[in-house]
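The values are calculated or read from the model by the stated rules, or taken from the named source; none is laboratory data. Not measured: the values here are computed from a predicted model. Here the Cβ is made from the backbone with ideal geometry for all residues, glycine too, and neighbour counts use every protein chain on show.
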Amino acid sequence: MSKKILGLSFGRKMGNCEVMVKQALNACKEAGHEIRFIRVNDLDIQDCTGCISCVVSMIMGKSGKCHLKDECHILDDAIMDCDAMIVACPTFEMGPTGTFRTVCDRFGPSHDLSFRKVAIEEGLAAGKDPANLPDQRCLKKRVAALISVGGAMTRNWIAFTLPTMFALPMTMGFDVVDTYEYWGAMAYNNVVGNEPVMERMTKLGQNIADAVVCEDDGERMRWRGDHEGACPVCHCNLLTLSDDKKSIECPVCGTYGSFTVEDGKLIPHFSEEQIARSRLYYPGKLEHSTEIKTCAAPPGQIPDLKERLAPYRWE
Ligand SMILES: Cc1cc2nc3c(=O)[nH]c(=O)nc-3n(C[C@H](O)[C@H](O)[C@H](O)COP(=O)(O)O)c2cc1C
């Protein structure tokens, strides 16, 4: 069964990211899927202004559409249309590029599956016109693969790129089934000359081609990467330590865990309960959207707000 696979590069034209994504897409095409590639930096995508009208609109049972007029709709339509996504981003200053972060913001709360799903289900039940609700293609079960790239010779120079990249598939509920961190890129003029990495990209494409056709949820979401990592959900190696140094947290998933030291190795432990509330899964997203819907202060909470703010109204 042919599926639609979208490749996104946040790198330079014909740079490492673009070549790696296209290599993976070629493997998807080989497997019989329809492919599409977008060089995101070619699009005019404005920064989110933080107005939160998208979230307020969805809470009111409307579409959640952004008011900004730019080319983000091209990316939005491509992402909504696809069944799987392969995303590659360069490392700029230890993390993803500014454009990547901008795209995450524009596909953040406005595209959060738990906000959208509730607005769609309640809206349809109330007999609303589907055209005035969030894009219903968001409900498709989809998979993704993430690729981070850095020129530096040491892995710690790309430390935040892959973990931060989860923000994009996370909000929309794409299940990430493979990731790859390519560091030391500047040792080659272009990744095309690095055969092991190009072969790994073929494998990454095959992993997506394989996962995207799975009917069974468990098999579709099955981790296909070549490392287990510290977290059993996102498979990243980044952990934070609690202030009392007794517990750990996966900053990607927002889950709490403990650790033991065995044979000099730090072994992380995450309970089934914590794993189930990872924000990469629907219950974790729902926990967050419910917290916002129930805890956000309503207008009028501070009756003399205008007077209190007056001393701060200067440029
Ligand atoms: C502004 C800037 C900052 C960068 N910072 C890092 C960095 O912190 N770590 C790293 O490994 N590479 C860094 N690089 C190198 C890029 O990640 C590398 O050139 C990458 O291949 C670019 O992706 P592309 O080839 O797809 O365009 C930086 C490059 C630029 C332009």
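Evaluate the following for Ile275: is it among the β-branched types (Val, Ile, Thr) and either in the same structural domain as Leu162 (by TED's automatic domain parsing) or in contact with a His (Cβ under 9 Å, 6 or more places away or on another chain) (or both)?
Details: among the β-branched types (Val, Ile, Thr): yes; either in the same structural domain as Leu162 (by TED's automatic domain parsing) or in contact with a His (Cβ under 9 Å, 6 or more places away or on another chain) (or both): no.
Judged against the criteria, Ile275 is not a match.
Within the stretch 135-193, take every residue that is of a type in the set (D, E, K, R) and outside any strand (DSSP E or B) and give me the one that is nearest to the chain's Cα centre (by Cα). Walk me through how you get there before you give the answer.
At the first step, the residues of the stretch 135-193 found to be of a type in the set (D, E, K, R) are 135, 137, 140-142, 155, 175, 178, 181.
Restricting the remaining residues to those that are outside any strand (DSSP E or B) gives 135, 137, 140-142, 155.
Numbers: Asp135: 18, Arg137: 17, Lys140: 16, Lys141: 14, Arg142: 12, Arg155: 21 Å.
Step by step, filter the stretch 135-193, then rank; the result is Arg142.
Name the single residue that is surrounded by the fewest Cβ atoms within 10 Å (Cβ to Cβ) among those in the stretch 65-100 being free of Cβ contacts under 8 Å to residues at least 24 places away in the same chain and within 15 Å of the ligand (Cβ to nearest atom).
Out of the qualifying residues, it is Glu93.
Between a residue in the stretch 1-19 that is free of Cβ contacts under 8 Å to residues at least 40 places away in the same chain and more than 6 Å from the ligand (Cβ to nearest atom) and any residue that is in a strand (DSSP E or B) and β-branched (Val, Ile, Thr), which pairs come within a Cβ distance under 7 Å, given they are 6 or more apart or on different chains?
none
Pick out the one residue from Gly150, Gly225 that is crowded, with 19+ Cβ neighbours inside 10 Å and within 29 Å of Glu93 (Cβ to Cβ).
Numbers: Gly225 fails: crowded, with 19+ Cβ neighbours inside 10 Å.
None of the other options fit; the residue is Gly150.
Any residue at all in the stretch 230-248 that's surrounded by 11 or more Cβ atoms within 10 Å (Cβ to Cβ), of a type outside the set (Gly, Ala, Ser), over 21 Å from Gln274 (Cα atoms) and under 18 Å from the mean Cα position of the chain (by Cα)?
Within the stretch 230-248 (the criterion being surrounded by 11 or more Cβ atoms within 10 Å (Cβ to Cβ), of a type outside the set (Gly, Ala, Ser), over 21 Å from Gln274 (Cα atoms) and under 18 Å from the mean Cα position of the chain (by Cα)), the answer is no, since none of the residues qualifies.
Quick one: Arg116 ticks every box in (1) out of contact with any Phe, Trp or Tyr (no Cβ under 6 Å at 6 or more places or on another chain); (2) within 16 Å of the ligand (Cβ to nearest atom) bar one, so which box is it?
(2)
For a quick check of your reading of the model, give me the residue pairs whose first member lies in the stretch 284-309 and is outside the structural domain of Pro251 (by TED's automatic domain parsing), whose second is surrounded by fewer than 11 Cβ atoms within 10 Å (Cβ to Cβ) and of a type in the set (Lys, Arg), with beta-carbon atoms closer than 7 Å and at least 6 apart or on different chains.
Ile302/Arg308
Among the residues of the stretch 172-185, is any small (Gly, Ala, Ser) and in contact with an Asp or Glu (Cβ under 9 Å, 6 or more places away or on another chain)?
If we filter the stretch 172-185 for residues that are small (Gly, Ala, Ser), which is where we start, we get 173, 184-185.
If we keep only those that are in contact with an Asp or Glu (Cβ under 9 Å, 6 or more places away or on another chain) too, we end up with 173.
Checked against the condition, which is being small (Gly, Ala, Ser) and in contact with an Asp or Glu (Cβ under 9 Å, 6 or more places away or on another chain), the stretch 172-185 yields at least one hit.
Would you mind stating whether Ser289 is of a type outside the set (A, V, I, L, M) and over 21 Å from Leu168 (Cα atoms)? Outline the logic, then answer.
Numbers: of a type outside the set (A, V, I, L, M): yes; over 21 Å from Leu168 (Cα atoms): no.
No; evaluated as a whole, the condition is false for this residue.
For the stretch 42-76, enumerate the residues that are in contact with a Gly (Cβ under 6 Å, 6 or more places away or on another chain) and among the polar types (S, T, N, Q).
Within the stretch 42-76, Ser57 is the sole residue that qualifies.
Has the stretch 259-280 got at least one residue that is among the aromatic types (Phe, Trp, Tyr), in contact (Cβ under 8 Å) with a residue 60 or more places away in the chain and either over 30 Å from Gly173 (Cβ atoms) or surrounded by 12 or more Cβ atoms within 10 Å (Cβ to Cβ) (or both)? Don't jump to the end; show me each part of the working.
Of all residues in the stretch 259-280, those among the aromatic types (Phe, Trp, Tyr) come to 259, 270.
Then drop every residue that is not in contact (Cβ under 8 Å) with a residue 60 or more places away in the chain, which leaves none.
No, that holds for no residue.
Answer yes or no as to whether Asn41 is within 16 Å of the ligand (Cβ to nearest atom), surrounded by 19 or more Cβ atoms within 10 Å (Cβ to Cβ) and either at pLDDT below 95 or not aromatic (Phe, Trp, Tyr) (or both).
On the way: within 16 Å of the ligand (Cβ to nearest atom): yes; surrounded by 19 or more Cβ atoms within 10 Å (Cβ to Cβ): no; either at pLDDT below 95 or not aromatic (Phe, Trp, Tyr) (or both): yes.
Against the criterion (within 16 Å of the ligand (Cβ to nearest atom), surrounded by 19 or more Cβ atoms within 10 Å (Cβ to Cβ) and either at pLDDT below 95 or not aromatic (Phe, Trp, Tyr) (or both)), Asn41 does not qualify.
For the stretch 145-198, which residues satisfy the criterion of being β-branched (Val, Ile, Thr) and within 9 Å of the ligand (Cβ to nearest atom)? Quick ask: steps written out before the conclusion?
Our first condition is that a residue be β-branched (Val, Ile, Thr); within the stretch 145-198, this holds for 147, 149, 154, 158, 161, 164, 171, 176-177, 179, 191-192, 197.
Once the filter is applied, which keeps residues that are β-branched (Val, Ile, Thr) and within 9 Å of the ligand (Cβ to nearest atom), the stretch 145-198 yields Val149, Thr154, Ile158, Thr161, Val191.
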